[in-house]
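The values are calculated or read from the model by the stated rules, or taken from the named source; none is laboratory data. What you see is a predicted model, and the numbers here were worked out from it, not measured in a lab. For neighbour counting, all protein chains shown are included, and Cβ atoms are generated from backbone atoms with ideal geometry for every residue, glycine included.
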Amino acid sequence: MTTPYVPVAAAPDHYAPRRYRVRHATIYTYDGEVQACYERGFLRPLETWSQRVVSHELHLEPEPDVISEHVDHFGNHSAYLEIRSPHRRLVVGKTSVVDVAWPRPDVDALNAHTVAEAAALIAGEADPMVRAEYLLPSDLVELGPTVTEYARGILPPERPLGDALQALYGTIYRDFEYKLGTTSVRTTLPELLELRRGVCQDFAHLAVGCLRSVGLPSRYVSGYVETAPPPGQPKLEGSDASHAWASVLVPDGEWVDLDPTNDHFADSRYIVTAWGRDFRDVSPLKGVVFTEATTSSLEVKVDVFRINPDGSLS
């Protein structure tokens, strides 16, 4: 008796081009009236070599008295909102449609240089300003002995660069537990290395710190990643979250993005909103509120849906 042939589904190509609809709403609710608020945030996705913004809309409640946008030092779209009408609820929402197509990193080409050779080449060929701002320590990425020791164990000078980058995201993924509520935006890298748990923001900061420690300029990237629901269950609207990962400058001026939270290079599931030295450069929304309210609540709703060729969402 022969066993019937059952075809095995091919693994999905996560580098294939695709289109996404991203919706992100930040909702503040107060127990008293807010007289005025002044907010700044990064709402519009970036135009990069990996993505094109098809459309972008803001949804604001109440209607702002002033709204403006400029491109900041890092090339991000920085939005400014000023609301001077009394309110108890503030909604800052956006809907963006983005075409995404990331190139697959060529690990063999990266392996043509060791970590030390790559750092030396970048030192000679990169723009000195770009190299300095993404190589020096920043507020949330300190380069002390604890971070340097951890980095040297993963990124020794003689290790081929491509292998080293894979080892970096893989080691952080294995060494740290993803756990909400154990860290904050003020958690330092030495504290993280002792805790051994955190969230994507922490792991991105650590990867950036390790790369800078060995002479490779690196930046913090804020955006979104497509997620999948549990098998057999539909994807729920508002169930996604913003995401963060690291990007490293390699010889010939290219940037390679890697995600230690998910143990792989960034691919076409990743949507970039902004990048900078660390989280403080790319905070999604921050500001000043004038109110006598004593309590407030914050709700964030995010969904990332793929738009199929027929226009349906998946």
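Quick look at the numbers
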{"read-out": "Residues of segment 203-256 satisfying the condition of being within 22 Å of HIS24 (Cα to Cα) and in contact with a Lys or Arg (Cβ under 6 Å, 6 or more places away or on another chain)", "value": "VAL225, GLU226, PRO229, GLY238"}
{"read-out": "Residues satisfying the stated conditions in segment 223-238, i.e. surrounded by fewer than 24 Cβ atoms within 10 Å (Cβ to Cβ) and of a type in the set (Gly, Ala, Ser)", "value": "ALA228, GLY232, GLY238"}
{"read-out": "Matching entry among ASP65, ASP72, ASP99 (being in contact with a helix residue (DSSP H, G or I) (Cβ under 9 Å, 6 or more places away or on another chain) and of a type in the set (D, E, K, R))", "value": "ASP72"}
{"read-out": "Selection within segment 177-192 - outside any loop (DSSP other than H, G, I, E, B) and surrounded by fewer than 17 Cβ atoms within 10 Å (Cβ to Cβ)", "value": "GLU177, TYR178, PRO190, GLU191"}
{"read-out": "Residue under evaluation ALA241, criteria (1) surrounded by fewer than 16 Cβ atoms within 10 Å (Cβ to Cβ); (2) assigned by TED's automatic domain parsing to the domain that holds LEU161; (3) among the small types (Gly, Ala, Ser), criterion not met", "value": "(1)"}
{"read-out": "Scope segment 12-64; condition under 20 Å from ARG88 (Cβ atoms) and of a type in the set (A, V, I, L, M); matching residues", "value": "ALA25, ILE27, VAL34, ALA36, LEU60"}
{"read-out": "Residue in segment 59-81 that is buried (at least 18 other Cβ atoms within 10 Å of the Cβ), at pLDDT below 95 and on the phi < 0 side of the Ramachandran plot present", "value": "no"}
{"read-out": "Candidate set from segment 247-259 (those that are aliphatic (A, V, I, L, M) and under 18 Å from TYR15 (Cα atoms)); member that is surrounded by the fewest Cβ atoms within 10 Å (Cβ to Cβ)", "value": "VAL256"}
{"read-out": "HIS113 in the same structural domain as SER296 (by TED's automatic domain parsing) and of a type outside the set (Val, Ile, Thr)", "value": "no"}
{"read-out": "Within segment 82-102, considering residues that are aliphatic (A, V, I, L, M) and surrounded by fewer than 21 Cβ atoms within 10 Å (Cβ to Cβ), the one farthest from the chain's Cα centre (by Cα)", "value": "VAL91"}
{"read-out": "Set ARG152, ARG131, ARG174: member being assigned by TED's automatic domain parsing to the domain that holds LEU258, charged (D, E, K, R), in a helix (DSSP H, G or I) and in contact with a Leu (Cβ under 8 Å, 6 or more places away or on another chain)", "value": "ARG131"}
{"read-out": "Of residues in segment 1-38 being modelled with pLDDT of 80 or more and hydrophobic (A, V, I, L, M, F, W, C), the one nearest to VAL272 (Cα to Cα)", "value": "VAL22"}
{"read-out": "Test result for ALA274, in the same structural domain as PRO217 (by TED's automatic domain parsing) and surrounded by 10 or more Cβ atoms within 10 Å (Cβ to Cβ)", "value": "yes"}
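To keep it simple, each residue is scored yes or no on (1) in contact with a helix residue (DSSP H, G or I) (Cβ under 6 Å, 6 or more places away or on another chain); (2) in contact (Cβ under 8 Å) with a residue 60 or more places away in the chain; (3) crowded, with 20+ Cβ neighbours inside 10 Å.
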{"position": "LEU121", "(1), (2), (3)": "yes, yes, no"}
{"position": "GLY124", "(1), (2), (3)": "no, no, no"}
{"position": "ALA132", "(1), (2), (3)": "no, no, no"}
{"position": "PRO145", "(1), (2), (3)": "no, no, no"}
{"position": "ARG152", "(1), (2), (3)": "no, yes, no"}
{"position": "GLU158", "(1), (2), (3)": "no, no, no"}
{"position": "ALA164", "(1), (2), (3)": "yes, no, yes"}
{"position": "ALA167", "(1), (2), (3)": "yes, no, no"}
{"position": "CYS210", "(1), (2), (3)": "yes, yes, yes"}
